[in-house]
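The structure appears below as C-alpha coordinates.
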Amino acid sequence: MRLYLSSWRTGDHPDQFLALLDRPGPVAVIANAVDALPVDERRVALEREIDALASLGLQPVELDLRDYFDQPPEQVAAALAGFPAVWVRGGNVFVLRHALARSAADRALAALLREDAIVYAGYSAGACVLAPDLHGLDRCDDPNAVTVAYDAPPRFDGLAVIDYVVVPHIDSPGHPESEILTAVARYYRVHGIAYRPLRDGQAIVIQGKAIRVH
(Lines give C-alpha, C1' and ligand atoms only; values in the text may rest on other atoms or scores of the structure.)
Protein backbone atom coordinates (compact mmCIF):
# COMPACT_ATOMS: atom_id res chain seq x y z
CA MET A 1 0.00 0.00 0.00
CA ARG A 2 1.35 3.40 -1.02
CA LEU A 3 -0.09 6.58 0.48
CA TYR A 4 0.97 10.23 0.49
CA LEU A 5 -1.19 12.10 3.01
CA SER A 6 -0.47 15.81 3.18
CA SER A 7 -1.82 18.48 5.47
CA TRP A 8 -1.97 21.21 2.82
CA ARG A 9 -1.74 20.72 -0.91
CA THR A 10 1.40 18.95 -2.12
CA GLY A 11 3.31 19.82 1.05
CA ASP A 12 6.98 20.73 1.43
CA HIS A 13 8.23 17.42 0.02
CA PRO A 14 6.28 16.52 -3.13
CA ASP A 15 9.34 14.52 -4.19
CA GLN A 16 8.20 11.95 -1.63
CA PHE A 17 4.93 11.59 -3.53
CA LEU A 18 6.75 11.24 -6.83
CA ALA A 19 9.03 8.59 -5.30
CA LEU A 20 6.00 6.36 -4.77
CA LEU A 21 5.34 6.30 -8.50
CA ASP A 22 7.16 4.11 -10.97
CA ARG A 23 7.46 7.14 -13.24
CA PRO A 24 5.67 10.49 -13.74
CA GLY A 25 2.46 9.96 -15.64
CA PRO A 26 -1.31 10.36 -15.50
CA VAL A 27 -3.00 11.10 -12.18
CA ALA A 28 -6.75 11.02 -11.51
CA VAL A 29 -7.78 14.16 -9.65
CA ILE A 30 -10.81 13.75 -7.39
CA ALA A 31 -12.12 17.19 -6.41
CA ASN A 32 -15.54 16.15 -5.09
CA ALA A 33 -14.77 17.45 -1.61
CA VAL A 34 -15.64 20.90 -3.01
CA ASP A 35 -18.89 19.90 -4.73
CA ALA A 36 -20.88 22.13 -2.36
CA LEU A 37 -19.15 25.22 -3.75
CA PRO A 38 -20.70 27.30 -6.53
CA VAL A 39 -19.74 26.04 -9.97
CA ASP A 40 -17.24 28.83 -10.71
CA GLU A 41 -15.49 28.43 -7.36
CA ARG A 42 -15.30 24.69 -7.81
CA ARG A 43 -13.72 25.12 -11.24
CA VAL A 44 -11.06 27.44 -9.82
CA ALA A 45 -10.35 24.98 -7.00
CA LEU A 46 -9.93 22.16 -9.50
CA GLU A 47 -7.70 24.19 -11.80
CA ARG A 48 -5.41 24.99 -8.86
CA GLU A 49 -4.85 21.28 -8.29
CA ILE A 50 -4.34 20.57 -11.98
CA ASP A 51 -1.71 23.31 -12.23
CA ALA A 52 0.12 22.19 -9.08
CA LEU A 53 0.33 18.57 -10.21
CA ALA A 54 1.33 19.51 -13.75
CA SER A 55 4.19 21.57 -12.32
CA LEU A 56 5.55 18.32 -10.84
CA GLY A 57 5.71 16.76 -14.30
CA LEU A 58 2.50 14.76 -13.87
CA GLN A 59 -0.47 14.51 -16.23
CA PRO A 60 -3.50 15.34 -14.06
CA VAL A 61 -7.01 14.55 -15.31
CA GLU A 62 -10.19 15.12 -13.33
CA LEU A 63 -12.16 12.02 -12.42
CA ASP A 64 -15.51 13.47 -11.34
CA LEU A 65 -17.20 10.90 -9.13
CA ARG A 66 -20.60 12.42 -9.87
CA ASP A 67 -20.36 10.83 -13.31
CA TYR A 68 -20.51 7.44 -11.58
CA PHE A 69 -23.28 8.07 -9.07
CA ASP A 70 -25.79 5.20 -8.94
CA GLN A 71 -23.96 3.36 -11.73
CA PRO A 72 -22.68 -0.24 -11.62
CA PRO A 73 -19.57 -0.28 -9.41
CA GLU A 74 -17.54 -1.84 -12.22
CA GLN A 75 -17.60 1.47 -14.09
CA VAL A 76 -15.71 3.55 -11.54
CA ALA A 77 -13.44 0.59 -10.76
CA ALA A 78 -12.43 0.39 -14.41
CA ALA A 79 -11.86 4.14 -14.60
CA LEU A 80 -9.64 4.17 -11.51
CA ALA A 81 -7.72 1.11 -12.66
CA GLY A 82 -6.54 3.12 -15.66
CA PHE A 83 -4.48 5.43 -13.45
CA PRO A 84 -1.29 4.68 -11.51
CA ALA A 85 -2.20 7.34 -8.94
CA VAL A 86 -5.11 9.33 -7.59
CA TRP A 87 -4.93 12.80 -6.04
CA VAL A 88 -7.81 13.58 -3.66
CA ARG A 89 -8.30 17.27 -3.02
CA GLY A 90 -9.23 18.75 0.35
CA GLY A 91 -12.54 20.39 1.13
CA ASN A 92 -15.43 18.97 3.12
CA VAL A 93 -14.73 15.43 4.32
CA PHE A 94 -18.43 14.53 4.53
CA VAL A 95 -19.13 15.68 0.98
CA LEU A 96 -16.15 13.67 -0.18
CA ARG A 97 -17.25 10.61 1.78
CA HIS A 98 -20.70 10.69 0.19
CA ALA A 99 -19.25 10.99 -3.31
CA LEU A 100 -16.89 8.09 -2.72
CA ALA A 101 -19.73 5.90 -1.45
CA ARG A 102 -22.38 6.82 -4.01
CA SER A 103 -19.96 6.21 -6.88
CA ALA A 104 -18.56 3.02 -5.29
CA ALA A 105 -15.09 4.54 -5.58
CA ASP A 106 -14.54 3.78 -1.90
CA ARG A 107 -14.66 0.03 -2.57
CA ALA A 108 -12.68 0.33 -5.78
CA LEU A 109 -9.89 2.32 -4.14
CA ALA A 110 -9.71 -0.06 -1.17
CA ALA A 111 -9.31 -3.00 -3.55
CA LEU A 112 -6.65 -1.26 -5.65
CA LEU A 113 -4.71 -0.30 -2.52
CA ARG A 114 -4.80 -3.87 -1.23
CA GLU A 115 -3.34 -4.99 -4.55
CA ASP A 116 -0.76 -2.16 -4.47
CA ALA A 117 -2.11 -1.20 -7.90
CA ILE A 118 -2.50 2.53 -7.22
CA VAL A 119 -0.92 5.34 -5.21
CA TYR A 120 -3.41 7.25 -3.08
CA ALA A 121 -2.34 10.83 -2.47
CA GLY A 122 -4.20 13.85 -1.21
CA TYR A 123 -4.49 16.44 1.49
CA SER A 124 -6.73 17.63 4.30
CA ALA A 125 -10.15 16.00 3.73
CA GLY A 126 -8.53 13.70 1.20
CA ALA A 127 -6.40 12.30 4.01
CA CYS A 128 -9.04 12.49 6.75
CA VAL A 129 -11.55 10.34 4.85
CA LEU A 130 -9.26 7.30 5.13
CA ALA A 131 -9.93 7.04 8.89
CA PRO A 132 -12.23 4.39 10.37
CA ASP A 133 -14.67 7.00 11.65
CA LEU A 134 -15.32 10.68 10.92
CA HIS A 135 -16.92 11.71 14.21
CA GLY A 136 -15.11 14.70 15.65
CA LEU A 137 -14.34 16.16 12.25
CA ASP A 138 -17.84 17.63 12.25
CA ARG A 139 -16.42 20.25 14.61
CA CYS A 140 -14.57 21.59 11.58
CA ASP A 141 -16.46 20.43 8.48
CA ASP A 142 -20.22 20.91 8.29
CA PRO A 143 -21.98 17.58 7.62
CA ASN A 144 -24.98 19.50 6.28
CA ALA A 145 -22.91 20.42 3.23
CA VAL A 146 -23.81 16.95 1.95
CA THR A 147 -27.44 18.04 1.82
CA VAL A 148 -26.43 21.23 -0.02
CA ALA A 149 -24.34 19.33 -2.57
CA TYR A 150 -26.40 16.18 -3.06
CA ASP A 151 -29.68 16.50 -1.14
CA ALA A 152 -28.65 13.50 0.96
CA PRO A 153 -27.81 12.85 4.62
CA PRO A 154 -24.17 12.67 5.74
CA ARG A 155 -22.45 9.49 6.76
CA PHE A 156 -19.81 9.25 9.45
CA ASP A 157 -17.98 6.04 8.57
CA GLY A 158 -14.60 6.52 6.95
CA LEU A 159 -12.87 4.26 4.45
CA ALA A 160 -10.87 2.56 7.24
CA VAL A 161 -7.80 2.32 5.04
CA ILE A 162 -5.74 3.45 8.04
CA ASP A 163 -6.51 2.89 11.72
CA TYR A 164 -6.25 6.49 12.89
CA VAL A 165 -7.52 9.95 11.98
CA VAL A 166 -5.21 12.35 10.20
CA VAL A 167 -5.72 15.80 11.74
CA PRO A 168 -4.31 18.44 9.38
CA HIS A 169 -3.39 22.11 9.82
CA ILE A 170 -2.12 21.73 13.42
CA ASP A 171 0.20 24.56 14.51
CA SER A 172 -0.40 26.24 11.16
CA PRO A 173 -1.27 29.86 12.01
CA GLY A 174 -1.69 30.76 8.35
CA HIS A 175 -4.58 28.34 7.96
CA PRO A 176 -8.07 29.42 9.12
CA GLU A 177 -8.92 25.96 10.49
CA SER A 178 -5.79 25.54 12.60
CA GLU A 179 -7.42 26.54 15.88
CA ILE A 180 -10.53 24.40 15.51
CA LEU A 181 -8.52 21.37 14.40
CA THR A 182 -6.28 21.77 17.42
CA ALA A 183 -9.49 21.42 19.44
CA VAL A 184 -10.41 18.33 17.39
CA ALA A 185 -7.02 16.79 18.20
CA ARG A 186 -7.62 17.54 21.87
CA TYR A 187 -11.02 15.82 21.64
CA TYR A 188 -9.42 12.71 20.17
CA ARG A 189 -6.71 12.69 22.83
CA VAL A 190 -9.22 12.99 25.69
CA HIS A 191 -11.41 10.22 24.27
CA GLY A 192 -8.56 7.87 23.46
CA ILE A 193 -9.12 7.99 19.70
CA ALA A 194 -6.02 7.30 17.63
CA TYR A 195 -4.94 10.26 15.53
CA ARG A 196 -1.87 11.75 13.88
CA PRO A 197 -1.47 15.52 13.73
CA LEU A 198 0.13 17.26 10.77
CA ARG A 199 1.18 20.85 10.38
CA ASP A 200 0.95 22.44 6.95
CA GLY A 201 3.95 21.39 4.91
CA GLN A 202 4.08 17.93 6.47
CA ALA A 203 2.89 14.66 4.96
CA ILE A 204 2.61 11.06 6.09
CA VAL A 205 4.24 8.73 3.58
CA ILE A 206 3.32 5.04 3.72
CA GLN A 207 5.01 2.44 1.57
CA GLY A 208 4.24 -1.09 2.63
CA LYS A 209 5.02 -1.33 6.33
CA ALA A 210 7.22 1.76 6.31
CA ILE A 211 5.61 4.94 7.68
CA ARG A 212 7.42 8.27 7.65
CA VAL A 213 6.45 11.89 8.29
CA HIS A 214 8.17 14.51 6.14
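One residue alone among PRO153, PRO73 is surrounded by fewer than 21 Cβ atoms within 10 Å (Cβ to Cβ) and touching a Ser or Thr at 6+ places or on another chain (Cβ under 8 Å), and that residue is PRO153.
Note on segment 52-70: among residues that are assigned to a helix (DSSP H, G or I) and aliphatic (A, V, I, L, M), the one that is surrounded by the fewest Cβ atoms within 10 Å (Cβ to Cβ) is ALA54. Hey, any hits in segment 34-51 for a residue that's β-branched (Val, Ile, Thr), buried (at least 22 other Cβ atoms within 10 Å of the Cβ), outside any loop (DSSP other than H, G, I, E, B) and modelled with pLDDT of 95 or more? Yes; the residues of segment 34-51 include at least one that is β-branched (Val, Ile, Thr), buried (at least 22 other Cβ atoms within 10 Å of the Cβ), outside any loop (DSSP other than H, G, I, E, B) and modelled with pLDDT of 95 or more. If you go through segment 173-207 and keep only what is modelled with pLDDT of 95 or more, open to solvent by less than 60 Å² (accessible area, probe 1.4 Å) and either under 13 Å from SER6 (Cβ atoms) or in a loop (DSSP other than H, G, I, E, B) (or both), you end up with ALA194, LEU198, ASP200, GLY201, GLN202, ALA203, ILE204, VAL205, ILE206. Against the condition assigned to a loop (DSSP other than H, G, I, E, B), farther than 25 Å from GLY174 by Cβ, of a type outside the set (Lys, Arg) and modelled with pLDDT of 95 or more, how does LEU21 come out, does it pass? Judged against the criteria, LEU21 is a match. Residue pairs whose Cβ atoms lie under 8 Å apart, sitting 6 or more positions apart in sequence or on different chains, and linking a residue in segment 36-64 that is under 17 Å from THR10 (Cα atoms) to a partner that is modelled with pLDDT of 95 or more and acidic (Asp, Glu), are LEU46/GLU62; ILE50/GLU62; PRO60/GLU49.
Among residues of segment 148-172 being at pLDDT 95 or above and acidic (Asp, Glu), the one that is nearest to SER7 (Cα to Cα) is ASP163.
The values are calculated or read from the model by the stated rules, or taken from the named source; none is laboratory data. On a predicted model such as this, the values are computed, not experimentally measured, just so you know. No Cβ is skipped: glycine too gets one built from the backbone with ideal geometry, and neighbour counts run over all protein chains shown. Ligands, DNA and RNA are excluded from the accessible area calculation, which covers all protein heavy atoms including side chains. Shrake-Rupley method; radii C 1.70, N 1.55, O 1.52, S 1.80 Å.
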